[in-house]
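Undergrad: Okay, handing you the structure first.
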Amino acid sequence: MTAIDRIETLLDEQRSFPPPEGFRKQAHVSDPKVYEQAKKDREGYWADWARQLDWIKPWHKVLEWKPPHAKWFLGGKLNASANCLDRHVKAGRGDKVALIWEGEPGEVRRITYRELLGEVTRFANVLKGLDVKRGDRVAIYLPMVPEVAVAMLACARIGAPHTVVFGGFSADSLKDRINDNQAKVLITADGGYRRGSLVPLKVNADEALKDTPSVKHVVVLKRTGKDVEMRRGRDQWWHDLMKTAGDTCAPEAMDAEDPLYILYTSGTTGKPKGILHTTGGYLTQAYATTKWVFDLKDDDVFWCTADVGWVTGHTYVVYGPLALGVTEVMYEGAPDFPAKDRFWAICEKHGVTVFYTAPTAIRAFMKWGPDLPAKHSLKKLRLLGTVGEPINPEAWIWYHKNIGGERCPIVDTWWQTETGGIMITPLPGITTTKPGSATIPFPGIEAELLDGQGKVVPVGGGFLAITSPWPGMLRTIWGDDERYQQTYWSKWKNVYFAGDGAKRDADSYYWILGRVDDVLNVAGHRIGTMEVESALVDHPAVAEAAVVGKAHEMKGQALAAFVTLKEGKQPSDALREELKAHVAKKIGALARPDDVIFSADLPKTRSGKIMRRLLKDIAEGRTLGDTTTLADPAVVQRLKDQYEEKEG
C-alpha cells in the first residue's frame, strides 16, 4: 500500500466527556442496546420509525436495493405536510407554538401549529390557482421568514417538488437552478435583511428571469416594503393571493418514493448537482434523528441556526422538528447584528433549550471573546450541537465551557446534502464524547473506513464510506443519473463514497478530516487540513485558521496557513514562527506550515464555509476564481495584496 492510499492521522486528542447522570436518566435513549437491535434487524428498525408517522396507505416492502438505487417503504403513501401539521392539530395540539420567528430588525412572531396549517393550506390553494400540479417544480428564493416554511410545506401538500435557492445566491445561480429543473413558479420577496442592509431578492430574481422560460408566475412576498418592479401578468403579491385563497386543501397521497424536493449542491467541477430526495424514507430519517440526536421533549425550544437554503435548514428547521411537533426558533439575520451577542440574546429571550450551529460560527464567537455570552442567562440550554464541517477540539471545549456551562452534552454531527439526515453522531444520553469527534454512526446507519483498494482500515486514516442503503439517501441527481452513479458509487462496488476523509481511533470513533479534495500530499504523506487547522487553533492567540497546499519543488506540496487572531492579539514575525513550531510540536514536523499569513478575515461563503479554493489561488499566485458566492468578496483581494506584499 502506498501513502497515497491512506490518510495520515497526526492529531491526538485524549479528553473525553461522559453524559451527565441527570441528562442520561431523562434521555430518550439511555441503553446502548439500541445499536445492536438496529444491526440485528435493520429493515425492521427503520420500519418501526416509519410507523411513528401517519401513512395514508401502508407499505408492502421496506426496502428494494438494486445498487446504486434504493426504494424505501414500497407501496406506502403519505404526505409530508400532513405529517408536519395536520396530525398535531388532530391530536389536540393545535395551540402549541410551532415557530418563534425573530426578524433581524427585532420583530417577533409566534405561530401555532393550527395557524401554520391555515397558512400552508391557503398557500397550497394559491399554487393550485397558478396551475401548479402534482410533479411540477416550484423555486423558492426567500429570506429566513416563516413564509419560506409555509411555501415548502404547501408544495409538499400538493405534491410539487420544491427547490429552495439560498437568498444570498446571485441571479446567475438562481437562473441555473431554475433552468435545470424547469420550475414553473418562482416564490421570492421584495428583499430581505442582512447586517442592516437590504438584500435585493426581487432585483436578482428579475435578472435571473430574463432567461428562465419555464417560469410562468412569480409570487412576491412583501418583507421590506421597498418599491420593486412588478411585471403585469407574471408577478403577483403574496398577500393579495392569500386574501382570496380557500382554507381547505386535502393533502395529496404521495408515494413514499415520490420526489419531495431538489436541493442543489456545488460540485468541485461542473454545474451544481440537483440532489433529489423523496418523501417516505427522507421524512422517516429526519424524524428519527431529530428525536434521538437532540433528545427533544414536548417542552423543549429548539434552535437550528441554519438557513433553509441549505439541507440543514430543510431537515432540522422544517421537516424534522415539525414532524416531531416541537417548538422551534427561526431567525432571519446575521449573528453579529446589531451586536455580536445577538445569538445569546435570542437564546435568553426565547428560552432556547437545544442549540445547533456551525463550527464556523463557534470560532467567530471565540474570536469575539467569552464576555459576550456571559452577559446573558443561558441556563435553560441543556444540549448543544454542531454541523457543517469538522469542529476542532479547542472550539469544542470553548463551546462546552462558555455556552454550555460545562453541563450540556455536545452532539457533533456528520452528514451531507446527499445523505438527507444525520449519519454519524453521539446519542447524548449514552455516548461519551471526545472533542472533535463525531463518534459513531446513528443506529441503523452502516459506515466504514476504507483505503484506496476498498479494504477496511480498523484504526487510522482512510476514506469515509456508507456500506448499505439508508432511508434519507439521495435517489439520483436530477436529470443526470449517470453523474449520480459516477460521483457517488464508482470508487468501490455498491458502496457510497462520501468524498470525505476520516480517521478511526481505538474506540471505533470517527474523526472527520474534511473533503478528500482538501487532503494534501506533503512529501509522500497524505495530511488532512482539518488536523493542521486544529493544531493552529489550539494556540491561545488563534481564533480561526485555514490551511491549503501550494506547489513545492521538493515536497510536492507545502502548507500555507491563513490565520485570524483573537481580539487583542497582534501579528508579528515572532508569532508566525511560534505558530509554525506549535504545529510541529502538536502533530509533527512534516505538518509544519511553510507560510503563515495573518488575516483579519477569511473568505467565506454566505453559509460560513471557508473557500479554501480561493486561498489556494492566492498561495500559488494564480488569478482568483469565482467569488460571487462570498459573503464579502473584498476579503480575498485584501488577502491577495497582503500575500503578494509578503512574498515581495
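The values are calculated or read from the model by the stated rules, or taken from the named source; none is laboratory data. The model shown is predicted, which means the values in this text are computed figures rather than measured ones. Heads up, the Cβs are rebuilt from the backbone with ideal geometry, glycines too, and the neighbour counts pull from every protein chain shown.
Undergrad: Could you list all residues from the range 570-622 that are of a type in the set (Ser, Thr, Tyr) and in contact with a helix residue (DSSP H, G or I) (Cβ under 6 Å, 6 or more places away or on another chain)? I'd like the intermediate steps shown before the answer.
TA: Just the residues of the range 570-622 that are of a type in the set (Ser, Thr, Tyr), to begin with: 572, 599, 605, 607.
Result: Ser599, single match.
Undergrad: Give me a count of the residues in the range 587-615 that are part of a helix (DSSP H, G or I), buried (at least 19 other Cβ atoms within 10 Å of the Cβ) and basic (Lys, Arg).
TA: Residues of the range 587-615 part of a helix (DSSP H, G or I): 587, 589-591, 612-615.
Going one step further and asking which of them are buried (at least 19 other Cβ atoms within 10 Å of the Cβ), we end up with 587, 591, 612, 614-615.
After this cut, where a residue has to be basic (Lys, Arg) as well, the list is 612.
The number of residues fulfilling the criteria is 1.
Undergrad: I've got another one for you. Out of Lys379, Lys367, which single residue is within 27 Å of Ala27 (Cβ to Cβ) and basic (Lys, Arg)?
TA: Values: Lys367 fails: within 27 Å of Ala27 (Cβ to Cβ).
Step by step, each of Lys379, Lys367 is checked, and only Lys379 is within 27 Å of Ala27 (Cβ to Cβ) and basic (Lys, Arg).
Undergrad: While we're looking at this one, here's another question. Suppose we keep only residues that are of a type outside the set (Ser, Thr, Tyr) and at pLDDT below 95 within the range 248-282. Which one would you say is farthest from the chain's Cα centre (by Cα)?
TA: Taking the candidates together, the pick is Gly270.
The rows are residues; the columns are (1) β-branched (Val, Ile, Thr); (2) free of Cβ contacts under 8 Å to residues at least 40 places away in the same chain; (3) buried (at least 18 other Cβ atoms within 10 Å of the Cβ).
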| site | (1), (2), (3) |
| --- | --- |
| Asp227 | no, yes, no |
| Arg234 | no, yes, no |
| Asp258 | no, no, yes |
| Tyr261 | no, no, yes |
| Thr289 | yes, no, yes |
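Undergrad: Name the residue, out of Val293, Val308, that is under 17 Å from Ala80 (Cβ atoms) and touching a residue at least 40 places away in the same chain (Cβ under 8 Å).
TA: On the way: Val293 fails: under 17 Å from Ala80 (Cβ atoms).
After ruling out the rest, the residue left standing is Val308.
Undergrad: Still on this structure: Which helices (runs of 4 or more DSSP H) does the range 332-444 wholly contain that include 1 or more residues that are buried (at least 19 other Cβ atoms within 10 Å of the Cβ) and modelled with pLDDT under 95? Explain how you work it out, then say what you get.
TA: Working: elements: 342-350, 359-368, 371-374, 393-398.
The helices (runs of 4 or more DSSP H) meeting that bar are 359-368, 393-398.
Undergrad: Test Arg87 against the stated conditions and say whether it is among the basic types (Lys, Arg), more than 26 Å from the chain's Cα centre (by Cα) and either at pLDDT 95 or above or not in a strand (DSSP E or B) (or both).
TA: On the way: among the basic types (Lys, Arg): yes; more than 26 Å from the chain's Cα centre (by Cα): yes; either at pLDDT 95 or above or not in a strand (DSSP E or B) (or both): yes.
So Arg87 passes the test.
Undergrad: Now a separate question. Considering only the range 186-204, I want to know if a residue exists there that is free of Cβ contacts under 8 Å to residues at least 12 places away in the same chain and not in a loop (DSSP other than H, G, I, E, B).
TA: Yes - at least one qualifying residue is present in the range 186-204.
Undergrad: Further, regarding this structure: Go through the range 494-525 and report how many residues are modelled with pLDDT of 80 or more, of a type in the set (Asp, Glu) and not in a strand (DSSP E or B). Before you say what the answer is, go through the steps one by one.
TA: Initial filter on the range 494-525 (modelled with pLDDT of 80 or more): 494-513.
Within this subset, residues satisfying the condition of being of a type in the set (Asp, Glu) are 500, 505, 507.
Going one step further and asking which of them are not in a strand (DSSP E or B), we end up with 505, 507.
Residues that pass the stated criteria total 2.
Undergrad: Of the residues Phe302, Phe343, which is without any contact (Cβ under 8 Å) to a residue 60 or more places away in the chain and more than 22 Å from Ser81 (Cα to Cα)?
TA: Working: Phe302 fails: more than 22 Å from Ser81 (Cα to Cα).
Answer to the check: Phe343.
Undergrad: Further question on the same structure: Looking at the range 447-463 only, could you name the residues that are touching a residue at least 40 places away in the same chain (Cβ under 8 Å), farther than 16 Å from Ala506 by Cα and over 21 Å from the mean Cα position of the chain (by Cα)?
TA: Correct list: Asp451, Gly452, Gln453, Gly454.
A quick yes/no check of all residues on (1) under 20 Å from Ala364 (Cα atoms); (2) modelled with pLDDT of 70 or more:
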residue: Leu579; (1), (2): yes, yes
residue: Ala589; (1), (2): no, yes
residue: Arg592; (1), (2): no, yes
residue: Glu620; (1), (2): no, yes
residue: Glu645; (1), (2): no, no
